[in-house]
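Engineer: Dropping a structure here in structure tokens format, bear with me for questions.
The values are calculated or read from the model by the stated rules, or taken from the named source; none is laboratory data. Fair warning: this is a prediction, and the values are worked out from it, not measured in the lab. Please note: Cβ atoms are built from the backbone with ideal geometry, for glycine as well, and neighbour counts cover all protein chains shown. Calculation scope for accessible area: heavy atoms of the full protein, side chains included, ligands and nucleic acids excluded. Shrake-Rupley method; radii C 1.70, N 1.55, O 1.52, S 1.80 Å.
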Amino acid sequence: MPDTNGRPGSAAQAAAGKGGAVTEARTDERRFRVYTFAVLTMGIAAAAAVSLWLDFEASDDLLWIGPILALAFLLAEQLGINVDVRSGISWTISFTEIPLVIGFFVAPFEVVLAAHLAAGIGTLLARKVAGRVLYNAGAFLLEITGAFAVAGLVKQASGAHDMTWIAALAGTLTAPLVSTLLALAAVRVLRRRMRVSTAIRLTGRILVVGFVNASVGLSGYLVISGTPKAWPLVLAVFLGLTALYWAYSDLLREQRDMEALSDVSLMVARSGQQAAARPAGRADELVGGVDVREWATIAERIKDQLAAGRVVLRLRLEPKDTMRMVVAGDELPPVDPAADDPLLRLPGAHVRHFRITEANPDVRSALLDRGAQEALVVPLRSANQLLGVVEAHDRLSRWRGFGKYDVQLLGTMASHLATSLDNRRLLATLRHDAYHDPLTGLLNRPGFRQVAKEPLREQVDAVVLRVDLDVFSTVSDALGYVWADRMVIAAGRRIRDALGPDVPLARLEGASFAALLVGCAPERAQAAAELLRAELVAPYPVDRLSVEANAMIGYATSSAEDDDQVDVDGLLQRADVAVRATKGGEEVRGYMASMGQIFMRRFQMVTQFRQSLEEGQLSVHYQPKITLPNRQIQGVEALVRWVHPEFGRLGPDEFVPAIEAAGLIGVLTSFVLEESLKRVRKWLDEGLRISAAVNLSVRNLADEDFPTKVARELDRFGIPPELLTFELTESGVMSDPQKALPILRELHSLGIVLAVDDFGTGYSSLAYLRQLPVDQVKIDKSFVLGMGTDLGDLAVVRSIVELGHSLGLTVVAEGVEEDVARDQLEAMGCDVAQGYLISRPLPEDRLEAWLQARTARSPGRHSETVLTLLT
Ligand code: C2E
Ligand code: CA
Ligand code: CA
């Protein structure tokens, strides 16, 4: 017979502060009480009516038949198993139909009723389950009354005088039908959801089991009553069937328990999979990395599986270390959280079973405080840390309390939970590390991509900011890497504070960051970026120092109206291009399509460079320099040219920085050096001593082998070192003097002439110049060009000439376009002039023609020929 037990408050309630759920539970409790009284009244009325209608003759045997029947009912129920437990109703299939069907033949209605009531209510009272006695009494009354009424009707209809087996069978099946209907009514009263198909399937199953039970009982009874001596046979059959049934039910139970275990583990594993990638700072209530809401579902599942009236999870919330209670099932009466609770003293990891019948008065009162008759309690531990406690209260059965299987199941569930929590924690750590920057704790590039993907897919306005802090190398050079790291952390924190906790923010590399502003309209991007920049350039107090930093911001927008939605990578790349464009002076720049073309051009230049060199697209032009005042050709400056098949003539200002950044400058310098030395060799062969000046970049000075390579080249062409000049900018040397200086000294000691290019533009200072092993200064052309109109420029040129001479250096002026300038320079005592006035940079053949046409040859002091510019 199905054991049906409606109990209110099945919905998972988080007890703390969730007033709604509690009130709902109270209304449920009230409805259920009304329902109980209805059932009880109907039961009593029906029992009285049937008792009057069915007039059984009493027999002497009743004195012992009654107690035997009661015992049989008790046994039959105790052997039952839970079949399906959902919706707050437990369904236990038991053998109750067997004593019932026999009862029809051996005892009158009142005796069977009394035996059933005594067995059922006796058990409940023994277990001190007072709350459900009335409802169950009513249910018992209706079941037995219904059974006898139907049996009586069938008997009457068939016209038989004695009880027929058909009537007994029909009557017996009525009992489970009635109890099922009552349970379904309880489901409705408690407004639990149960699908009609589920209800029908359940009823069907119960009737089938009932039919089998009744048939077994009936067959046994008929055999024995016909052939009393056959009782051992019937007993054997019965025992055999019981054994089969038990084996099967064990299997069924194990299978269901396995399902429950994997369910619970899966819930833990699946819960909040996005949590790791969520922006930091959101206040989730997490226990073991699992959201409290998920725990409510887990509690519900445990409750269902144990057929418990209530499951209480006491969980330790992670960041705050506060306790949180999650209740599934019946409402939990309010308890003093500070009170010492004997149920929560948890010495081991095993499940403990407390009963109201226990001797210990503390345990009894703790159970009474919970409104529970019994409780299973098990600690929840993960990674050697107590996460909380699981309590299961009161098994939903009118016959049995928690058994050893329930204890086992809860224990296994707790350890499975712990294991999957451990796994989750490990996974979460791995995922976190994969998506976060260890220094700042912000997202890293993959993390940013992951987080930004979602909002960008939703066709909203979005802005990707790329922030480059211009401090990293300076600080790390001056103060060391620890300081640079502190700066980066401080900057990250400042951006976070400026943009708020929910903005996806990443540290990409070094001191560059990326942020995603969702819902920021394109026209507001510039203002937002400027605001952020203003925050970032304020001095940084790092330890006791105050470090200044400059910040460049590039941004790229994606508008909801755009047809071509760009993905995260696209926006990041555009913002990157935009931030590179800030080098031009503006500190905040938005991406423009033209920048993309520049970027593409640079990209192509870099990738095609080696090939172009081999294909002869690159050549060296030479610009002559003359000595002042006698205007002899002193040397030429080698200036590289690239005629690109697609882009046409490329100026070195455009491609040299790109080549440099790509680490290809060594290749370029070797080419120019080789071409220049070849040229000088030809002149030497003609008896001309004309030197060549080759421009170096900083990166050349980072190559320790560079002096060796140069020496080898000079050797190869047999060029005296004084006919080679290297021009370097001062800022280039000073950006990394430790590396550059030894190389410069080495070059200098080879006898090569070293010149400081673009002098006057950088940090130019006398102190630096004195440290450098140089022979020449080249006054930057901007001063020479401005000399005629700007007195300041004139003053600069004059002082550089004087300064250079005072240090014993040769002074060269470039950018000499006018006669006046040349004359002024001559008057100041400048040693060498270079510029369009003399000649533009020329390809080799045209330079030869120029030399032929514009210079006069005369024998020099030694054996060489001297070229003097014709006027
Ligand atoms: P730079 O070393 O300052 O070279 C002088 C630049 O001034 C050259 O530009 C030259 O054409 C230009 N110039 C010469 N005389 C005059 C004049 O009278 N008036 C004006 N307005 N300009 C004049 P170019 O050839 O475009 O080179 C630009 C820069 O590219 C060079 O500046 C140099 O820094 C770099 N560069 C050129 N060739 C190489 C090379 O082979 N290696 C490296 N590392 N850099 C190179
Ligand atoms: Ca130069
Ligand atoms: Ca220059």
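Engineer: May I ask you to verify whether H862 is modelled with pLDDT under 95, assigned by TED's automatic domain parsing to the domain that holds G687 and crowded, with 16+ Cβ neighbours inside 10 Å?
Structural biologist: No, not satisfied.
Engineer: Moving on to the next point. Might you let me know whether region 623-638 holds any residue that is of a type in the set (A, V, I, L, M), in a helix (DSSP H, G or I) and within 16 Å of ligand 2 (Cβ to nearest atom)?
Structural biologist: Looking through region 623-638, none of the residues is of a type in the set (A, V, I, L, M), in a helix (DSSP H, G or I) and within 16 Å of ligand 2 (Cβ to nearest atom).
Engineer: Go through V811, V733, V753 for me and flag whichever is modelled with pLDDT under 95, within 16 Å of ligand 2 (Cβ to nearest atom) and β-branched (V, I, T).
Structural biologist: From the options V811, V733, V753, the qualifying one is V733.
Engineer: Show me the helices (runs of 4 or more DSSP H) found entirely inside region 672-783 where at least 1 residues are under 19 Å from V796 (Cβ atoms).
Structural biologist: Details: elements: 706-717, 730-735, 737-749, 766-771.
By residue number, 730-735, 766-771.
Engineer: Take the conditions among the aromatic types (F, W, Y), more than 26 Å from the chain's Cα centre (by Cα) and surrounded by 22 or more Cβ atoms within 10 Å (Cβ to Cβ) and apply them to F448. Does it pass?
Structural biologist: no
Engineer: While we're on this one: Looking at region 222-270, which of the residues that are among the aliphatic types (A, V, I, L, M) and closer than 13 Å to R301 by Cβ is most open to solvent (accessible area, probe 1.4 Å)?
Structural biologist: L266
Engineer: Restrict the check to region 829-841 and report whether at least one residue is touching a helix residue (DSSP H, G or I) at 6+ places or on another chain (Cβ under 9 Å), in a strand (DSSP E or B) and farther than 26 Å from G808 by Cβ.
Structural biologist: Within region 829-841 (the criterion being touching a helix residue (DSSP H, G or I) at 6+ places or on another chain (Cβ under 9 Å), in a strand (DSSP E or B) and farther than 26 Å from G808 by Cβ), the answer is no, since none of the residues qualifies.
Engineer: Take the conditions outside the structural domain of P843 (by TED's automatic domain parsing) and either surrounded by 18 or more Cβ atoms within 10 Å (Cβ to Cβ) or assigned to a strand (DSSP E or B) (or both) and apply them to V620. Does it pass?
Structural biologist: Here the answer is no, as V620 does not meet what is asked.
Engineer: Quick check on E686: is it modelled with pLDDT under 95, under 30 Å from L851 (Cα atoms) and away from ligand 3 (no atom under 16 Å from the Cβ)?
Structural biologist: For E686, the condition - modelled with pLDDT under 95, under 30 Å from L851 (Cα atoms) and away from ligand 3 (no atom under 16 Å from the Cβ) - is met.
Engineer: Take L677 and decide whether it is without any contact (Cβ under 8 Å) to a residue 60 or more places away in the chain and within 16 Å of ligand 1 (Cβ to nearest atom).
Structural biologist: Against the criterion (without any contact (Cβ under 8 Å) to a residue 60 or more places away in the chain and within 16 Å of ligand 1 (Cβ to nearest atom)), L677 qualifies.
Engineer: Among L794, L769, L807, L785, which is touching a helix residue (DSSP H, G or I) at 6+ places or on another chain (Cβ under 9 Å), open to solvent by 20 Å² or more (accessible area, probe 1.4 Å) and closer than 30 Å to A711 by Cβ? Please lay out each step first, then the result.
Structural biologist: Working: L794 fails: closer than 30 Å to A711 by Cβ; L769 fails: open to solvent by 20 Å² or more (accessible area, probe 1.4 Å); L785 fails: closer than 30 Å to A711 by Cβ.
Criteria check complete, one pass: L807.
Engineer: Scan region 623-674 residue by residue and report those that are near ligand 1 (Cβ under 10 Å from one of its atoms), under 14 Å from T725 (Cα atoms) and among the hydrophobic types (A, V, I, L, M, F, W, C).
Structural biologist: Those that are near ligand 1 (Cβ under 10 Å from one of its atoms), under 14 Å from T725 (Cα atoms) and among the hydrophobic types (A, V, I, L, M, F, W, C): A638, L639, V672, L673.
Engineer: Please find, within region 684-707, the residue that is nearest to ligand 2 (Cβ to nearest atom) out of those that are more than 24 Å from S731 (Cα to Cα) and in contact with a helix residue (DSSP H, G or I) (Cβ under 9 Å, 6 or more places away or on another chain).
Structural biologist: If we take residues in region 684-707 being more than 24 Å from S731 (Cα to Cα) and in contact with a helix residue (DSSP H, G or I) (Cβ under 9 Å, 6 or more places away or on another chain), then S691 is nearest to ligand 2 (Cβ to nearest atom).
Engineer: Need pairs with beta-carbon distance below 6 Å; first residue more than 11 Å from ligand 1 (Cβ to nearest atom) and within region 814-843, second in a loop (DSSP other than H, G, I, E, B); sequence gap 6+ or separate chains.
Structural biologist: Within 6 Å, the pairs are V820/G788; E826/L628; E826/P629; C830/L628.
Engineer: Looking at (1) in a strand (DSSP E or B); (2) modelled with pLDDT under 85, which one does V377 not meet, given that it meets all the others?
Structural biologist: So the condition that V377 fails would be (2).
Engineer: Here is a follow-up. Mind listing just one residue for me: the one in region 701-733 that is within 16 Å of ligand 3 (Cβ to nearest atom) and among the polar types (S, T, N, Q) and, of those, surrounded by the fewest Cβ atoms within 10 Å (Cβ to Cβ)?
Structural biologist: Only one residue tops the list, namely S731.
Engineer: Can you tell me which of (1) modelled with pLDDT of 85 or more; (2) in a strand (DSSP E or B); (3) over 30 Å from L125 (Cα atoms) is the one A414 doesn't meet?
Structural biologist: Only one criterion is unmet by A414, namely (2).
Engineer: Also: If you scan region 519-534, which residues turn out to be charged (D, E, K, R) and modelled with pLDDT under 90?
Structural biologist: Passing the criteria: E523, R524.
Engineer: What's the number of the only condition in (1) within 58 Å of the chain's Cα centre (by Cα); (2) closer than 16 Å to L54 by Cα that A139 fails to meet?
Structural biologist: Only one criterion is unmet by A139, namely (2).
Engineer: Next question, about the same structure. It is to be established whether one or more residues within region 718-740 are touching a strand residue (DSSP E or B) at 6+ places or on another chain (Cβ under 7 Å), assigned by TED's automatic domain parsing to the domain that holds R689, over 19 Å from P624 (Cα atoms) and within 14 Å of ligand 1 (Cβ to nearest atom).
Structural biologist: So far as region 718-740 goes, yes, one or more of its residues are touching a strand residue (DSSP E or B) at 6+ places or on another chain (Cβ under 7 Å), assigned by TED's automatic domain parsing to the domain that holds R689, over 19 Å from P624 (Cα atoms) and within 14 Å of ligand 1 (Cβ to nearest atom).
Engineer: Checking R689 against (1) over 56 Å from the mean Cα position of the chain (by Cα); (2) open to solvent by less than 30 Å² (accessible area, probe 1.4 Å): exactly one of these is not met. Which one?
Structural biologist: The number of the failed condition is (2).
Engineer: Restricting attention to region 361-374, which residues are open to solvent by less than 70 Å² (accessible area, probe 1.4 Å) and either modelled with pLDDT under 85 or closer than 16 Å to G401 by Cβ (or both)?
Structural biologist: Residues satisfying the conditions are V363, L367, R370, G371, A372, Q373, E374.
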